[in-house]
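This report concerns only the one structure given below.
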Amino acid sequence: MMTSTGEAVLFWVLAPAMVLGALGLVFARKAVYAALSMIFVMVCLAMVYVMQQAEFLGIVQVVVYTGAVMMLFVFVLMLVGVDASTSAVETIKGQRWIGILMGVGLGTLLVTVTARAALPETVGLDEANSETNPAGLARVLMSDFVLDLEIVATLLVTAALAALVLTHRRRLTPKIGQPERAAARMLAGDHPVNLPAPGVYARHNAMDVPALDPEGNPIEASVSRVLRIRGQEHSLDTDVTTLVATRDAAELTGDHGTDTAAERGGQNDDTDAATTEGEA
Amino acid sequence: MTPLIAAAPQFVQPEIWWTWLAPYLLVLGAAVVGVLVEAFVAPRARRSTQLTLALVALLGAAGWNVWLWVDQFAPTEFKAIALVNGSLMVSYFTLALQTVILVVAALALLVVADRSRGADDFAPTAAAIPGSDYEELARTKGLQQTEIYPLFLFAVGGMMLFPAAGNLLTMFIALEILSLPLYVMSGMARHRRLLSQEASLKYFLLGAFSSAFFLMGMALVYGYAGTINLWAITNGHALQVPEALVGGRPLLVMGVVMLLVGVLFKVGAVPFHQWTPDVYQGAPTSITGFMAACTKAAAFGAVIRIVVWFAPFIGLDLHEEIQVTIVIVAIASMLLGSVLGVVQHDVKRLLAYSSIAHAGFVLVAVAGVLPYDGQTFVFPMNSAVIFYLLAYGLATVGAFAVVRLVRESQGRGADAVTLGEATHLSQWAGLGRRSPFLAVAFSVFLLSFAGIPLTAGFIGKFTAFKVAVDGGLWWLAVLAVLCSAIAVFFYVRIIVLMFFVDPAADDTEPEPAREVVAVGALGATSDAPVGTPLAGEPEAGVGLRLSDELRRTSGGVTVLKGSVGSRVAIAVAMVGTLLLGVLPGPVLDLLEKTVNFLP
């Protein structure tokens, strides 16, 4: 069967693009670029398959390789770190040049030898696809290659088992859940329940001021440990207490001081500045 | 025979001859059941269940093969039987080689299963990071990775399918089935785990690379013939190439050479040998033995299948191309294996180079393939290769079983801790005094490797080289004999070391400090001409630590007793090696049937 013009045009468009993609796979320093080049090559390959009337193979190429395998690949890259790049250090000196030389040599050999081949007209495609391509393929798979299909199944079992062996870690220590944590806390004599929330006062950002216990003493633990370590805690000195006391009194008498709001705003600004500083 | 090509418009259900498929089903089925055993059997009973299952499957399949040979195949006039539309092609050659693989694998399994005190080869759990707390915890809790048994069976199943494949696709799948479990098992060593994982990764990457060559070769052959069925490729133009296909012959030549690259990688022939020393050294020693013996047998089955299907029948030019390729590879393997073996100081690396040399010796026989003369369908190399592989397999499994029992140790008396193998040659000095049985057995294996008369190795080499001489390659046979002579040097050196040299490290005084070479996770321990002594770890069960400082080892060497199973395996291997050397007649007569056309 002769190659039609459309097929030839599509081939000469796709083939150089695929070669470029393949080169990108080899030369890209970043793993993600390499993976994307590979996806590109695979999609082009699928188009070539479809063009050659192997529709089933084309679709499978997209669904299985591009869709599943390469996406998993990209996921793994994301997990490992997108920024990871190939190390260009040679462990054996001159290895790269020897490798390039050998590769070019092999390539030349392959190209020259296969270019010498004069292939006869291809026959049998219409017969094979006489009843749609997938049906023809199914017939071959289920008759001539049914054994291969079965042993591929054992290959998959092997792969799954091997992956489990290499990655599955059985739990050797008892699982520590909430009850165990609580029990351990009780045994250690720690605070049995949640720590008290920080105090809420009008003039302060509530997070940084300790709460008061029933006797009016500040509870240290109620302020976040992080703030305490950073020294951003505001001690609830007597001033504040009196302030609170006077505010309470003022509220009782219905006298709302206007300056409190202003002060609170100022206070907030300070806290924000402190927080940003802390984060930086 | 079933029809080989079914291009019928109507779906024709393939005939499945269960009797002939039973050995494969038995081994692969047992492997799948083994996976289920992992899920449903209590941990305490798992190992014994798995071991029983695996041994029954291996020996059962071997017995079934013998029955097929005697009762089913012999009465027929067929030279081969095509199964499932030609996916498998069973012949005397296949049956014999599979039986060899199964028997040697059963011996190797006995060694793999050895968990006697201090002799366990496998990490408590392969998923633990070397040197981590989790690993230590797993070790103290006595965890075992019993998944090795199903993996082992899968590998054996692949090895059985490999030389039986009737089309290239089956051959490729079989190649993968046998390789995948081996990649994983190489990374599961208990001691020196980083080295083991490095070996596993190297093996995997290079193996994947070589598989790609095989696939490319398949594609090229398909491009030439329009089929991947071995029978169909040669059939119809066995004696005369059809006019239409003449133009495509370059594709065929290139394709066959690339197929050979794929299988010669598994064989470990130069220049596809780079993985061999590192993987043999890093893998758990019992797995190294299995891998060396059985993989080589299976892969040579595939080599012969490719050579015999393609070389003699499709024209003289292809025969010449293939023969030249094989001769070059054979010479390179023999020379490199023998010469680099001389400078090795590590027993496992030494055996690795020896295996490379042996691959070369077998290829000498393969190179003796003659073009089809229009009359006889006889390939004397078939029987020679099987005999060689049997002799080599027995000696290899035995030798590695001995290597794994010679351990470094620390402390004395009751609190002595056994560490990894004492692989440095200096540690083997005086083994004959310490453990006469092991030393004698090891000497027998080494003499067999060397090809000294009265051992199986001699008969193997003799028949193999005779094939080459008959094939007109007498100079290659002479070269092979010379290389064997070089190799004798390093085998005999070990024997002298074991029996006539006093142990350097007496138990009372520590051996002088040896330099611990820093072994990086990658890169180090390449083909350095001088073997790098690797000191053991002060703590048992912990992998080799990265260290560039000098460390003192106590240098103590203990010889473990090993389990009954592994001692039986060593004894059987030794007796087999001697018996095949003294009385090779019956076996050679049996193998005479395999020389018929169709390997």
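Values quoted throughout were computed directly from the atomic coordinates according to the rules given, and no laboratory measurement underlies them. From a predicted model like this one, the values you see are computed outputs, not experimental measurements. Methodologically, a virtual Cβ is constructed for each residue, glycine included, from the backbone with ideal geometry; neighbour enumeration extends over all protein chains shown.
A:Leu149 to B:Ala244: FRET efficiency via 1/(1 + (r/R0)^6), r the Cβ-Cβ distance, R0 30 Å, to the nearest 0.05?
Between A:Leu149 and B:Ala244 the formula returns 0.45.
Order of B:His191, A:His168, B:His424 from fewest to most other C-beta atoms within 10 Å?
A:His168, B:His424, B:His191
At a temperature of 37 °C and a viscosity of 0.692 mPa s, determine how fast segment B:114-175 diffuses translationally according to Stokes-Einstein, using the Kirkwood radius over alpha-carbon pairs as Rh; express D in µm²/s, rounded to the nearest whole number.
My calculation gives 234 µm²/s for D.
Once phi is turned into ³J(HN,Hα) by the Karplus curve 6.51 cos²θ - 1.76 cosθ + 1.60 with θ = phi - 60°, what whole-Hz value does each residue of segment B:463-474 show in order, with x for glycine and proline?
Karplus values, whole Hz, x for Gly and Pro: 5, 5, 5, 4, 4, 5, 5, 4, x, x, 9, 4.
Quote the FRET efficiency, to the nearest 0.05, computed for B:Asp71 versus A:His168 with a Förster distance R0 of 60 Å and r equal to the Cβ-Cβ distance.
Result of the calculation: an efficiency of 0.85.
Taking the Cα atoms only, what angle lies between the long axis of helix B:193-225 and the longest principal axis of chain B, rounded to 10 degrees?
Helix B:193-225 sits at roughly 10 degrees to that axis.
Before anything else, pin down the relative contact order of chain B: Cα pairs under 8 Å, at least 6 apart, normalised by residue count, whole percent.
Computed value for chain B: 17 percent relative contact order.
Taking θ = phi - 60°, what integer Hz values does the Karplus form 6.51 cos²θ - 1.76 cosθ + 1.60 yield along segment B:339-348, in sequence order, with x for Gly and Pro?
Here the 3J(HN,Hα) series is 6, 6, x, 5, 9, 7, 10, 10, 4, 5 Hz.
Amide H of B:Ser409: which non-local residues (sequence gap of 5 or more, or other chain) have their own amide H closer than 5 Å, using H built in the peptide plane?
So B:Ser409 has HN proximity to B:Leu419, B:Gly556, B:Val557, B:Thr558.
Please report how far the C-alpha centroid of segment A:99-125 lies from that of segment B:245-285, rounded to the nearest whole angstrom.
Cα centres, segment A:99-125 to segment B:245-285: 19 Å.
I need to check one value: relative contact order of segment A:1-83, counting alpha carbon pairs closer than 8 Å and at least 6 residues apart, in percent.
25
Would you mind checking the radius of gyration and Dmax of chain B based on alpha-carbon positions, in Å?
Both quantities, over Cα of chain B: 23.7, 82 Å.
Using a 10 Å cut-off around each Cβ, can you sort B:Leu252, A:Leu20 from fewest to most neighbouring Cβ atoms?
Ranking B:Leu252, A:Leu20 by Cβ neighbours within 10 Å, fewest first, gives A:Leu20, B:Leu252.
Pop a pseudo-label 7 angstrom from the Cα along the beta-carbon direction at both B:Val12 and B:Phe78 and give the gap in nm to one decimal.
1.5
What order do you get for B:Ser566, B:Ser210 when you list them from fewest to most C-beta neighbours inside 10 Å?
Result, fewest neighbours first: B:Ser210, B:Ser566.
Output the Kirkwood hydrodynamic radius of segment A:1-83, Cα pairs only, in Å rounded to one decimal.
13.6
Would you grab the residues whose amide H sits under 5 Å from the one on B:Ala429? Only those 5+ places off in sequence or on another chain, please, with H modelled 1.01 Å from N.
For B:Ala429, the qualifying residues are B:Ala504.
Please state the charge dipole magnitude for segment B:248-405, taken about the Cα centre, from unit charges on C-beta atoms (+1 on K and R, -1 on D and E), reported in debye and rounded to the nearest 20.
440
Between B:Lys141 and A:Arg185, what FRET efficiency follows from the Cβ-Cβ distance if R0 is 35 Å, with the result rounded to 0.05?
According to the calculation, E is roughly 0.80.
³J(HN,Hα) across segment B:442-449 via Karplus (A = 6.51, B = -1.76, C = 1.60, θ = phi - 60°), whole Hz, x for Gly/Pro?
Those phi angles translate into 5, 4, 4, 4, 5, 5, 5, 4 Hz.
Please compute the modelled spin-label separation between A:Leu101 and B:Val33, points set 7 Å along Cα→Cβ, answer in nm with one decimal.
It is 5.6 nm.
How high is the relative contact order of segment A:43-165, given as a whole-number percent (alpha carbon pairs under 8 Å, six or more residues apart)?
19
For every helix of n ≥ 4 consecutive DSSP H residues, a contribution of -39,500 (n - 2.57) applies; sum these over chain B, divide by its total residues, and give [θ] at 222 nm rounded to the nearest 500 deg cm²/dmol.
Helix contribution divided over all residues of chain B: -20000 deg cm²/dmol.
Taking a 24 Å limit on the Cα-Cα distance, which of the listed pairs B:Lys202/B:Lys561; B:Lys202/B:Lys296; A:Lys93/B:Lys202; B:Lys466/B:Lys593; A:Lys30/B:Lys202; A:Lys93/B:Lys348 fall beyond it?
B:Lys202/B:Lys561; A:Lys93/B:Lys348
May I ask you to order B:89-102, B:580-593, B:278-291, A:179-192 by the average number of other C-beta atoms within 10 Å around their residues, highest value first?
B:278-291, B:89-102, B:580-593, A:179-192
If you consider only alpha-carbon coordinates, what radius of gyration and Dmax does segment B:4-147 have, in Å?
When restricted to Cα atoms, segment B:4-147 yields Rg and Dmax of 20.5, 64 Å.
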